[in-house]
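Novice: So that we are looking at the same thing, I have put the structure below in structure tokens.
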Amino acid sequence: MNSIQSTAFCLNQPLAPQSLFHRHRSRLAPPAASAISIDYDDESKHHTITIPSFLSDDESDISGTYPSLLHKIHVLPFLEPEESDRMLKIARAYAEASSSWDQQDSTRHVSYQTVDFAVEESVDMSQYLQDISFQERIFGLLSEEYDVDVEDLSFLDLFCASYEASGYDDQTDRETMDRLDFHRDGSLLSFTVLLSQPEDFEGGGTIFDALRDAADESDQQSTVLKAPGSIQPLNAGYATLHSGKLLHGGHVVTKGQRIVLVGFVDVDLRNMREGALGSAAKEWGRNDVREFWNQRRLKQQKAAWNISNMRYLPKKGRSCLGKCSMPASLLESIENRSNPEIIRERRLRSEDRLLRDIMLPRAERGEKIEEELGEWREVSLEDMDGLMIGWEE
């Protein structure tokens, strides 16, 4: 019989100074019961971390309930020791031969450049993954944990990434990375498989913004969740499964080198509620704009806000020759909207709403539409006449 342990984590810090919430309390304050929980199966060594709720269940425009399957992060053994060891050797050999880990990739990952190589670029890695039925195994695991048919899953990207502590290598011409900023993946589901042994590096792990304020009330060494919200698997070969729409990043590696296999997994549209992702992306975009202007103001060392368009001021004060005072209510609203903790709270609320809403119940999912491929047939030059562009005799 499996031994299952459950650990409660409380949010030990308010998400923003309470004085800033007095006008927006019902809209922005996190639910009092919000908590992180960890369930652990001793036999399978499977950790399930459930991120906290940032919404009230009685909000009328929410389609799903909390927690959804997408609120859960799974950390568990996936590869056999000899498999992870073999993959690590293949990855290092290819990276050395191709110099893939000597510079950041600005072609495949434009917004968040990483030090990596695509698995498809390495013949040896591609062949080995095929030999051990990697795709079938990881898709089967994702299907089981997130209730999506295997046939509805496909790789959007699969790559081996390297995180090196600053000063790990004496070569000064290498452009490596020791962390990755917070971001969201292009896929609904994502996973990371640790290839390095934990003793080969310090720090690292996948860090989640929603887990930032967790206070572990048990032995820190008994869990994979470390402050400030970083998931650190116990051994090489462990997989971390999560929704790619959770705001996450690569926690800083302070010593050594951490090597991981990362996958972005697409989910067929028939499983998803139309418009849910678009609504969330729109709100995240608004918050990015708020954050941009606030960071720009702080960078310019301006403590005050300036209004360049007088139409936002009351008509009575527009003729004061540049010395108009900003109405107190307007100033308060601007300060509230630009507060980093309130921006973070807005992001987390939108994220929570998406995780509840985006997946359709099985009864509401349509039929999978198979792509039909045409038949091959021989064609003559006469058949192709007028279809070839730039043809020269």
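The values are calculated or read from the model by the stated rules, or taken from the named source; none is laboratory data. Keep in mind the model is a prediction, meaning the values are calculated, not measured. Neighbour counts run over all protein chains shown; Cβ positions are idealised from the backbone, glycine included. Just so you know, the surface numbers come from the protein's heavy atoms only, side chains and all, with ligands and any DNA or RNA stripped out. Shrake-Rupley method; radii C 1.70, N 1.55, O 1.52, S 1.80 Å.
Novice: Which of the residues that make up region 102-142 are farther than 25 Å from Ala165 by Cβ, part of a helix (DSSP H, G or I) and either small (Gly, Ala, Ser) or in contact (Cβ under 8 Å) with a residue 60 or more places away in the chain (or both)?
Specialist: Selection gives Ser126, Ile138, Phe139, Gly140, Leu141, Leu142.
Novice: Which members of region 270-302 meet the condition of being in a helix (DSSP H, G or I), modelled with pLDDT of 95 or more and either within 29 Å of Asp116 (Cβ to Cβ) or of a type in the set (Phe, Trp, Tyr) (or both)?
Specialist: Matches in region 270-302: Asn271 only.
Novice: Right, here's the next one. Taking Arg137, is it among the basic types (Lys, Arg) and over 19 Å from Val267 (Cβ atoms)?
Specialist: no
Novice: Here is a follow-up. Looking only at region 130-163, which residues are over 30 Å from Pro67 (Cβ atoms) and either out of contact with any strand residue (DSSP E or B) (no Cβ under 8 Å at 6 or more places or on another chain) or at pLDDT below 95 (or both)?
Specialist: Gln130, Asp131, Ile132, Ser133
Novice: Please go through region 55-101 and pick out each residue that is assigned to a loop (DSSP other than H, G, I, E, B), open to solvent by less than 60 Å² (accessible area, probe 1.4 Å) and charged (D, E, K, R).
Specialist: Glu59
Novice: Going by the conditions given, is Glu136 within 16 Å of Ile73 (Cα to Cα) and surrounded by fewer than 19 Cβ atoms within 10 Å (Cβ to Cβ)?
Specialist: When the stated conditions are applied, Glu136 does not pass them.
Novice: Out of everything in region 62-106 that is β-branched (Val, Ile, Thr) and over 19 Å from the mean Cα position of the chain (by Cα), what residue ends up being modelled with the lowest pLDDT?
Specialist: So the residue we want is Ile62.
Novice: A follow-up question, please. Restricting to region 146-157, what's the tally of residues that are open to solvent by 30 Å² or more (accessible area, probe 1.4 Å) and in contact with a helix residue (DSSP H, G or I) (Cβ under 7 Å, 6 or more places away or on another chain)?
Specialist: Qualifying residue count for the region: 3.
Novice: Moving on. Only one of Gln113, Gln104, Gln127 is open to solvent by 80 Å² or more (accessible area, probe 1.4 Å) and not hydrophobic (A, V, I, L, M, F, W, C). Can you tell me which?
Specialist: Gln127
Novice: OK, next. Determine whether Arg258 is crowded, with 17+ Cβ neighbours inside 10 Å and at pLDDT 85 or above.
Specialist: yes
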